[in-house]
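One structure is given here, and the rest of the page talks about it.
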Amino acid sequence: MKILTFTGATPSEALKKAKLEIGDEGMLIETREVQKKALGKQALYEILIGVEEEKIPATYTNQKPLSKQKPLRQESEDILFDISNAAKQISQVADVTKPQFNYEGKAQAQTVYEPKELKEIKTEINKLTDKVKIIQNMFWDEKSPDIEAQIPAEFAEIYRLAAQSGMNKEHLDGLMRITLEHMPFKMKENSATVKRYFQTILRKMVPIRMEVQPKLGAKKVMMLVGPTGVGKTTSIAKLAARYSFLLDKKYKVGLVVLDTYRIGAVEQLMQYARMMKLGIETVVDPPEFSNALESLKYCDYILIDTMGSSPYDKGKIEKIYECLNNNQTQYHVDVILVMPSSIKYEDLKITYDNFAPLGIDTLMFTKLDETMGFGNIFSLAYETKKPISYFSVGQEVPEDLVVASSDFLIECVLHGFNRSKA
Ligand SMILES: Nc1nc2c(ncn2[C@@H]2O[C@H](COP(=O)(O)OP(=O)(O)O)[C@@H](O)[C@H]2O)c(=O)[nH]1
Ligand SMILES: [Mg+2]
């Protein structure tokens, strides 16, 4: 085989010369830039063509003796092309990039032109990556306990945040699985989009009770139940202030306190009632419950506080139950279970189960200012399917009350409580 050299201002010009001299018979072995394009100077490219000696046309004269030919670099053996193929490829590239193209064209044309093969390889790699992820997801289904080991890198951050928030592990793994299943593959490759998508799923999963104010003539009766010291009385005061003077429309608010244990701890609420000039009724025996509601029938809102001695006190819960049972009025009593966000999911669940016989309508979480993780709240609402109605975020009456929203809760779950976002 003989190595022939051709030169031109572009590789395709050199190739054209080669074709004119020796036809389609040679193999393109190497393309070199001999001289860069500069002011007043054309670029010069040199191509080396290998061709069988007997196929060199008699007309070809421009042949350097072999001794004067430049030595071939080792790696050039990898890039042997059939000359006609090489010509086609170069002209293809040249077609796409016509006016600006030259071999330094990248910088001048400001565009990266990808050869077709490279694009095809990239598409194949993307398809393979997706297939690997499908396989990972299949593993995930089979080996739930080991889920952490199966999590794709892009999901690691969001998984860690959610796990640290105190979210129940079963819930978290289930949600992760939903996210992986339903999320478009393209989005899975970027942890920012994974995070946004997961946040959206969390928002959709957490049940929230929208605050609806009573229509003209209708009445809202809300009873706060829950363990001692969780913030029921404080929350009643905040709600009373909200409805009687914080909203655009000022509602008539009345208070009822169930002191069925006769412990006389009603003074705290009495004080708020005096300050806000609100009517207040005390119920000691369950049969008095209906009368108390009737005597506040001029109110738009009736807020009922309950009290007792211990979180697990079955007797207290039974007394409240008796009161609800003795409700002869036409008013539906909305039962709100109040719990502190500072206790772990399992304890929230025990509390919920204790109070569940009362027929819980919504959940209220207090003391958000005293804890770091909020996944426990998410998990309780998710597990019980009971909507959250309010959050209490501090001791101050009336300001430290937040009407529940999924945006606020999910922000807390993933980034902690931030007063400015309340
Ligand atoms: N840090 C904090 N303290 C609260 C919150 N809600 C209530 N408290 C305090 O918790 C204590 C018990 O509140 P209280 O309303 O009497 O609880 P109750 O026994 O359920 O009626 C009081 O010292 C309140 O000021 C809250 O959201 N954050
Ligand atoms: Mg109280």
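All of the numbers you see were taken from the coordinates with simple rules; none came from a lab. The structure presented is a predicted model; accordingly, all values stated were derived computationally and were not measured. Neighbour counts are summed over all protein chains in view; Cβ atoms, including those assigned to glycine, are modelled from backbone coordinates with ideal geometry.
Ellipsoid semi-axes for the stretch 220-421, based on the Cα gyration tensor and the rule √(5λ), read 26, 20, 14 Å when sorted largest first.
Measure out, as a whole number of angstrom, how far apart the alpha-carbon centroids of the stretch 230-257 and the stretch 379-422 sit. The stretch 230-257 and the stretch 379-422 have Cα centres spaced 18 Å from each other.
Cβ-to-Cβ counts within 10 Å put 355, 378, 245, 289 in ascending order as 245, 355, 289, 378, the fewest first. Ordering of 272-283, 405-416 by packing is 405-416, 272-283, highest average first (other Cβ atoms within 10 Å, averaged per residue). Return the subset of 277/319; 122/186; 238/319; 204/238; 116/195 for which the Cα-Cα distance in this structure is over 23 Å, preserving the input order. Flagged as over cut-off: 277/319; 238/319; 204/238; 116/195.
Remark: for residue pairs 16/37; 297/386; 232/386, the C-alpha separation exceeds 22 Å in 297/386.
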